[in-house]
Structure formats: structure tokens, C-alpha cells
């Protein structure tokens with residue numbers, strides 16, 4: 001497990017996937033950077049590998065994560081993503097086991113260990129509450145609890161799933177932070193998830209497919225702050 005700075009909740013993950021890159025994703029990252037400072041919401045930003053260095057150098061408040069890495073060490077491995085290279089590019093963390101980049105159990109466990117060895121925060125995706133509990137045994141820093149069937153559909157996890165996933169993870173390891181997601185499409189979706197007790201949430205299509213990605217992103221971040229303050233009291 002990462003031994004550095006814990007990400008302060010509420011937090012919000014923005015995943016450009018392959019929708020944005022280069023100067024377009026930099027524009028979004030800069031807007032996210034300003035929104036993070038304005039609303040006091042920690043933002044995890046997971047760009048293309050090739051944009052990690054640019055975004056980490058051009059922003060001050062974002063937690064820049066790689067979209068994936070392989071559980072390898074320095075040496076052979078053509079085409080693989082080296083943990084040390086991700087860190088050297090400016091990333092502070094890595095996302096693992098997303099539904100679009102699944103890993104087998106052995107590789108996932110090794111990757112979480114490698115992330116800790118090089119000083120990267122690990123955020124690991126899980127589908128069911130059972131899978132979330134199993135992954136919690138590996139000690140990642142954050143678990144994204146998101147039913148695979150809902151990803152990109154605009155249909156969000158219900159409150160029962162959110163509560164069950166959080167309870168299952170915290171029972172194994174209370175230190176693991178939980179980010180329920182999948183199908184987050186509107187600011188009200190963000191509000192509902194945080195209001196249910198989550199420490200964070202996130203989206204890809206809700207922002208990437210919006211007519212005004214920057215505007216939608218700010219609405220979502222504002223809603224995360226509002227819900228968190230209502231549950232936990234203002235700072």
C-alpha cells in the first residue's frame with residue numbers, strides 16, 4: 001500500500017480514456033485544476049500515458065494517474081507499461097483492473113505491490129461487492145466499486161449497492177478509500193453517491209460526451225462538495 005499522502009475526500013475521478021488527448025485533454029485538465037482549488041475537491045485525472053508528463057507539469061492540484069501499468073521490473077518487456085516509467089513521467093498513481101483493461105488475480109496482486117514499491121497510489125476497479133472484498137485483501141489505496149454492466153450506460157448504482165460495497169471493503173480494511181462509480185451522467189448522480197456516504201465518485205462519459213465537458217465537470221465537482229458538506233459539515 002502507498003505510504004505517502006492520503007487523498008483528502010471528497011475526491012472525484014475524471015477518466016478521459018481514449019476520448020481526449022493532447023491539447024484538448026490539457027484544456028480539460030487545466031479547468032479541473034481550477035475547479036479543484038475553487039471547491040476544495042481532490043481530483044484524480046487519468047489521461048493517456050503520452051499526456052501524463054504534460055498534464056503533471058501544467059497543473060498544480062490534480063492527482064495524475066496512469067490508466068494502467070504492468071507488474072514488471074526494469075528490463076525486458078517490449079510494449080509493457082513500466083511502473084518506474086509511469087512515476088518518472090509525473091504520475092502519482094495508477095488505475096488497475098478496469099473493465100476495459102482487466103487483469104488476472106495474480107497480475108493484479110503483483111501490480112498493487114509494484115505500485116507501492118515505486119511510490120504510486122493504487123486505485124483498483126471491482127465489479128461486485130464480493131470482488132471488491134476480495135481485492136481489499138490485497139491492500140490497494142482506493143477501490144472503485146462499479147458494476148461493469150452499468151459503465152457508460154447512464155444508469156447509476158443504487159444506494160443499496162453503494163452501502164454494501166463500502167461496508168464489505170471497510171470490514172476488510174478500514175483504511176481503504178471507496179469510490180462508487182459507473183453510469184455517472186449528471187451532477188445529481190454525483191450528489192446522490194456522495195450523499196449516500198461515499199468518499200468520492202467519478203465519470204468518463206458523463207463529461208466526455210457532454211456538449212460542454214468543462215461546464216459539466218464543474219457542475220459535478222460543485223455537487224460533490226455540496227453533498228460532502230451536507231453529510232460531514234463544512235470545513
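The values are calculated or read from the model by the stated rules, or taken from the named source; none is laboratory data. All of these numbers come straight from a predicted model, not from anything done at the bench. Every residue, glycine among them, receives a Cβ derived from its backbone with ideal geometry; neighbour counts consider all protein chains shown.
Counting only residues that are more than 24 Å from residue 42 (Cα to Cα) and over 16 Å from the mean Cα position of the chain (by Cα), segment 86-107 holds 5 of them.
Criterion first (within 30 Å of residue 230 (Cβ to Cβ) and either surrounded by fewer than 16 Cβ atoms within 10 Å (Cβ to Cβ) or within 18 Å of the chain's Cα centre (by Cα) (or both)) does residue 74 satisfy it? Give the steps one after another, and end with the answer.
Working: within 30 Å of residue 230 (Cβ to Cβ): no; either surrounded by fewer than 16 Cβ atoms within 10 Å (Cβ to Cβ) or within 18 Å of the chain's Cα centre (by Cα) (or both): yes.
Answer is no for this residue.
For segment 64-101, the set of residues classified as outside any loop (DSSP other than H, G, I, E, B) and in contact with a helix residue (DSSP H, G or I) (Cβ under 8 Å, 6 or more places away or on another chain) consists of 64, 66, 83, 84, 86, 87, 89, 93, 94, 96, listed by residue number.
The residue of segment 163-192 that is nearest to residue 129 (Cα to Cα), among those that are touching a helix residue (DSSP H, G or I) at 6+ places or on another chain (Cβ under 6 Å) and part of a helix (DSSP H, G or I), is 165. Residue check: is residue 144 at pLDDT below 95 and closer than 25 Å to residue 62 by Cβ? So residue 144 fits the description; yes. You will find that of 130, 117, the residue that is outside any strand (DSSP E or B), touching a helix residue (DSSP H, G or I) at 6+ places or on another chain (Cβ under 8 Å) and under 23 Å from residue 53 (Cα atoms) is 117 and no other.
Does residue 55 satisfy the criteria of being in contact (Cβ under 8 Å) with a residue 40 or more places away in the chain, surrounded by 15 or more Cβ atoms within 10 Å (Cβ to Cβ) and either in a helix (DSSP H, G or I) or under 11 Å from the mean Cα position of the chain (by Cα) (or both)? Please lay out each step first, then the result.
Numbers: in contact (Cβ under 8 Å) with a residue 40 or more places away in the chain: no; surrounded by 15 or more Cβ atoms within 10 Å (Cβ to Cβ): yes; either in a helix (DSSP H, G or I) or under 11 Å from the mean Cα position of the chain (by Cα) (or both): yes.
Judged against the criteria, residue 55 is not a match.
Quick check on segment 16-25. Is at least one of its residues in contact with a strand residue (DSSP E or B) (Cβ under 6 Å, 6 or more places away or on another chain), in a helix (DSSP H, G or I) and at pLDDT 95 or above? Scanning segment 16-25, I find no residue that is in contact with a strand residue (DSSP E or B) (Cβ under 6 Å, 6 or more places away or on another chain), in a helix (DSSP H, G or I) and at pLDDT 95 or above, so the answer is no.
Taking into account only those residues within segment 169-184 that are modelled with pLDDT under 90 and buried (at least 20 other Cβ atoms within 10 Å of the Cβ), which is farthest from the chain's Cα centre (by Cα)? Applying the filter and picking the extreme gives 184. Within the set 134, 145, 115, the sole residue that is closer than 24 Å to residue 9 by Cα, more than 18 Å from the chain's Cα centre (by Cα) and either touching a residue at least 24 places away in the same chain (Cβ under 8 Å) or surrounded by fewer than 22 Cβ atoms within 10 Å (Cβ to Cβ) (or both) turns out to be 134.
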